[in-house]
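The values are calculated or read from the model by the stated rules, or taken from the named source; none is laboratory data. Everything numeric in this text was worked out from a predicted model, so none of it was measured. Glycine gets a Cβ as well: all are built from the backbone with ideal geometry, and neighbour counts include every protein chain shown.
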Amino acid sequence: MADSLKQLIRLLGYLREYKPHFVAGLALVLLMSYTSGIIPVLIREAIDGGITTGDYRVAVYYAVLILLVAVLNGAFSFSGRYLLVKAAQHAVYYLRMDAFGAIQRHRMEFFDRTYSGQLISRITNDTERITRFLSFRVRMFVYSVFLIIVSLYYMARMSGTLTVVALLTIAIVVALNTTYARKVRPIYDEVRHQTGVIASISTGSIAGVKTIKALSVEESLQGKFEGENEKLYGLNVEATKITALYGNAPFLIMGVAMSAMLYYGGRAIMVGNLTVGELTAFLTYMLTMTWPLRALGFTIGDIQRSLAAASRLFDVIDSAPAEVDPPDAVELTNPRGEIEFRDVYLTYHTGKTVLRGLNLKILPGERVLITGPPGSGKSTLLKLIARFYEPEEGEVLIDGIDVRKVKTSNLRKIVAYVPQEPFIFNRSLGENIALAKPDASMEEIIRAAKIAKIHDFIALLPDGYDTVVGEKGVTLSGGQRQRIALARALLLEPKIILLDDPVSNLDAETERKLVEDLEEILEGKTAVIVSQRLSMAKLTDRVIVMSDGRVVEDGRPEELAGKGGFFSEMLGGGGWNGQ
């Protein structure tokens with residue numbers, strides 16, 4: 001309970017300058033409740049003062065008064081709903097921005113252990129639930145509670161006995177609603193989690209559709225999806241069963257209560273203890289409260305689910321570092337491009353240790369090939385330089401400065417990381433190249449494209465740099481995507497370039513051309529290349545072989561060729577001829 005209240009207070013804080021709108025909206029909801037609550041009293045007066053006495057002027061007067069109250073009720077309803085929805089949308093706008101910003105600040109470890117579908121579900125489904133909570137459920141809760149209070153007040157003034165019947169009825173319905181909320185909340189929490197699992201499978205399947213089709217694993221994936229979908233189906237059926245059982249019970253209870261009131265009220269009228277108008281008002285009150293009482297159960301359950309959704313979003317926000325950079329972060333104004341690892345250890349969240357006391361120094365302007373068996377820590381080394389991960393022990397330094405103490409924006413200009421499979425966004429080619437520098441001029445974009453040897457291809461396209469290439473660059477070849485990524489990296493004129501297996505997905509001819517062009521592209525830069533392709537060794541001054549998180553071979557290609565180690569085996573036992 002205390003946690004829920006804390007989440008609610010924090011959530012209401014997002015209303016910010018729209019708090020007056022929210023409060024005014026709730027005030028109008030209270031007025032709507034009151035106008036709904038006095039209509040049965042007006043009906044009583046119309047019956048007792050006009051219809052039963054034959055004074056139709058009184059009946060017409062109250063009929064007009066009821067109409068005016070109904071119009072007022074509609075005006076309060078519209079205005080209150082509008083103000084609450086506007087305030088809710090405003091609050092969720094800021095909440096969504098905070099959540100998205102937090103996701104951007106999270107380090108790679110967070111994404112290693114979190115499904116992308118879960119994050120998408122939190123940004124979309126959870127925020128939508130919170131919008132509905134602030135705009136509709138809060139309004140429904142306030143309206144229902146206050147209408148019941150107003151109704152009981154006027155009922156008590158007419159008949160204590162019938163009011164006791166009404167109170168007992170309300171107590172039973174509230175107890176049922178509370179039981180319903182307690183039973184259904186954990187199921188809906190599981191539904192929310194399982195929906196995220198389904199979203200993750202769907203997202204991964206769509207993103208990796210080429211791999212899925214190439215390996216003909218559609219049936220296997222369909223089976224996995226079917227299994228998770230069955231879980232979701234079962235949970236929803238269970239929730240529906242509980243809702244059907246508890247959701248319709250209030251109608252039965254209210255029906256029994258109204259029958260009892262009709263019986264007792266009829267007898268009271270016969271002996272003169274109750275008027276026809278009062279009995280009619282009582283029955284109207286019971287009918288008026290039927291929907292609020294039923295809705296109250298759903299509202300209580302939905303409030304709990306909404307606060308659970310808010311809690312999930314706050315978990316994402318709170319677990320992100322408040323700032324990307326430490327307060328004493330510095331900028332490297334004239335970087336030389338020297339890289340050093342000092343006693344670096346790193347263990348992934350899975351428990352696998354990938355680097356074990358790594359010591360390594362790369363000189364400014366040096367081109368280094370990092371190779372070795374799978375899982376030896378090659379790509380991890382690049383990600384530490386780019387500060388995607390941070391070492392558990394030891395330091396990664398650029399020009400003698402720990403990368404953790406370099407401003408991230410400055411580090412991204414100094415160090416350019418090109419992944420094995422570059423991500424091309426569903427934007428124009430010009431926007432894709434200028435991703436890291438949105439304000440880049442067309443001249444800068446073209447210059448970077450020329451250096452990456454992709455300008456001639458773009459120039460031949462009908463729309464040139466305005467060509468939209470589709471999601472993930474589906475209309476581009478592997479070599480073209482690699483060159484777009486290179487142009488994107490080169491736009492910032494980095495001193496250090498990190499290439500993670502840049503030719504692994506290319507055919508032989510495309511690989512040969514890219515290697516030739518990289519000779520010029522990497523001129524004057526410190527280059528660290530991860531690859532097991534011999535073509536990459538041609539570009540490098542030095543080869544480093546890693547195994548089990550350590551450096552096991554280090555030297556010039558021609559030196560390592562005859563030592564009988566991993567690099568020599570890559571050459572097939574032959575000597576080095578600069579191939």
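Figures for the structure shown
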quantity: Some residue of the range 362-371 being buried (at least 16 other Cβ atoms within 10 Å of the Cβ), assigned to a loop (DSSP other than H, G, I, E, B) and in contact with a helix residue (DSSP H, G or I) (Cβ under 8 Å, 6 or more places away or on another chain); calculated: no
quantity: For Arg387: the one exception among (1) in contact (Cβ under 8 Å) with a residue 40 or more places away in the chain; (2) farther than 22 Å from His455 by Cβ; calculated: (1)
quantity: The range 259-285: number of residues that are touching a helix residue (DSSP H, G or I) at 6+ places or on another chain (Cβ under 8 Å), of a type outside the set (Gly, Ala, Ser) and not in a loop (DSSP other than H, G, I, E, B); calculated: 12
quantity: The one condition in (1) at pLDDT 80 or above; (2) not in a loop (DSSP other than H, G, I, E, B) that Lys472 fails to fulfil; calculated: (1)
quantity: Residue among Gly377, Gly400, Gly394 that alone is farther than 21 Å from Leu490 by Cβ, assigned by TED's automatic domain parsing to the domain that holds Asp541, buried (at least 22 other Cβ atoms within 10 Å of the Cβ) and of a type outside the set (Val, Ile, Thr); calculated: Gly377
quantity: Conditions (1) in contact with a helix residue (DSSP H, G or I) (Cβ under 7 Å, 6 or more places away or on another chain); (2) assigned to a helix (DSSP H, G or I): number failed by Lys450; calculated: (1)
quantity: Selected residue (criterion: farthest from Arg132 (Cα to Cα)) from residues of the range 81-94 that are under 14 Å from the mean Cα position of the chain (by Cα) and of a type in the set (Phe, Trp, Tyr); calculated: Tyr94
quantity: Helices (runs of 4 or more DSSP H) contained in the range 101-165 and holding at least 2 residues hydrophobic (A, V, I, L, M, F, W, C); calculated: 108-113, 116-121, 138-158
quantity: Residue match in the range 310-319 (condition: in a strand (DSSP E or B) and either within 32 Å of the chain's Cα centre (by Cα) or within 30 Å of Gly564 (Cα to Cα) (or both)); calculated: no
quantity: Residues (farther than 15 Å from Leu498 by Cα, buried (at least 18 other Cβ atoms within 10 Å of the Cβ) and modelled with pLDDT of 85 or more) located in the range 404-425; calculated: Val406
quantity: Options Ile9, Ile39; residue that is in a helix (DSSP H, G or I), surrounded by fewer than 21 Cβ atoms within 10 Å (Cβ to Cβ), among the aliphatic types (A, V, I, L, M) and in contact (Cβ under 8 Å) with a residue 24 or more places away in the chain; calculated: Ile39
quantity: Residue in the range 425-446 that is in a helix (DSSP H, G or I), under 15 Å from Pro494 (Cα atoms) and either outside the structural domain of Leu522 (by TED's automatic domain parsing) or over 28 Å from the mean Cα position of the chain (by Cα) (or both) present; calculated: yes
quantity: Enumeration of residues in the range 447-468 that are among the hydrophobic types (A, V, I, L, M, F, W, C) and without any contact (Cβ under 8 Å) to a residue 60 or more places away in the chain; calculated: Ala448, Ala449, Ile454, Phe457, Ile458, Ala459, Leu460, Leu461, Val468
quantity: Answer from Val173, Val209, Val217 - the residue that is farther than 26 Å from Ile123 by Cα, at pLDDT below 75 and more than 18 Å from the chain's Cα centre (by Cα); calculated: Val217
quantity: Given (1) part of a strand (DSSP E or B); (2) under 30 Å from Leu518 (Cα atoms), number of the condition Arg356 does not satisfy; calculated: (2)
quantity: Any hit, the range 379-397, residues being among the basic types (Lys, Arg) and within 30 Å of Thr467 (Cβ to Cβ); calculated: no
quantity: Only listed residue being buried (at least 16 other Cβ atoms within 10 Å of the Cβ) and either in contact (Cβ under 8 Å) with a residue 40 or more places away in the chain or closer than 30 Å to Ala268 by Cβ (or both), chosen from Ala156, Ala181, Ala171, Ala175; calculated: Ala181
quantity: Which numbered condition Gly464 misses (of (1) over 11 Å from Arg488 (Cα atoms); (2) in contact with an Asp or Glu (Cβ under 9 Å, 6 or more places away or on another chain)); calculated: (2)
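Residue by residue, here is whether (1) over 15 Å from the mean Cα position of the chain (by Cα); (2) under 11 Å from Ala309 (Cβ atoms); (3) not hydroxyl-bearing (Ser, Thr, Tyr) holds:
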residue: Arg96; (1), (2), (3): no, no, yes
residue: Gly101; (1), (2), (3): no, no, yes
residue: Gln104; (1), (2), (3): no, no, yes
residue: Arg107; (1), (2), (3): yes, no, yes
residue: Phe111; (1), (2), (3): no, no, yes
residue: Gln118; (1), (2), (3): no, no, yes
residue: Phe133; (1), (2), (3): yes, yes, yes
residue: Phe136; (1), (2), (3): yes, no, yes
residue: Ile148; (1), (2), (3): yes, no, yes
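Here's the yes/no breakdown for (1) outside the structural domain of Leu369 (by TED's automatic domain parsing); (2) buried (at least 18 other Cβ atoms within 10 Å of the Cβ); (3) within 38 Å of the chain's Cα centre (by Cα):
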site	(1), (2), (3)
Leu491	no, yes, yes
Ser504	no, no, yes
Thr510	no, no, no
Leu518	no, yes, no
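One line per residue, one yes/no per condition, for (1) touching a Cys at 6+ places or on another chain (Cβ under 8 Å); (2) in contact (Cβ under 8 Å) with a residue 24 or more places away in the chain; (3) crowded, with 18+ Cβ neighbours inside 10 Å; (4) small (Gly, Ala, Ser):
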{"site": "Arg16", "(1), (2), (3), (4)": "no, yes, no, no"}
{"site": "Ile47", "(1), (2), (3), (4)": "no, yes, yes, no"}
{"site": "Thr53", "(1), (2), (3), (4)": "no, no, no, no"}
{"site": "Arg57", "(1), (2), (3), (4)": "no, no, no, no"}
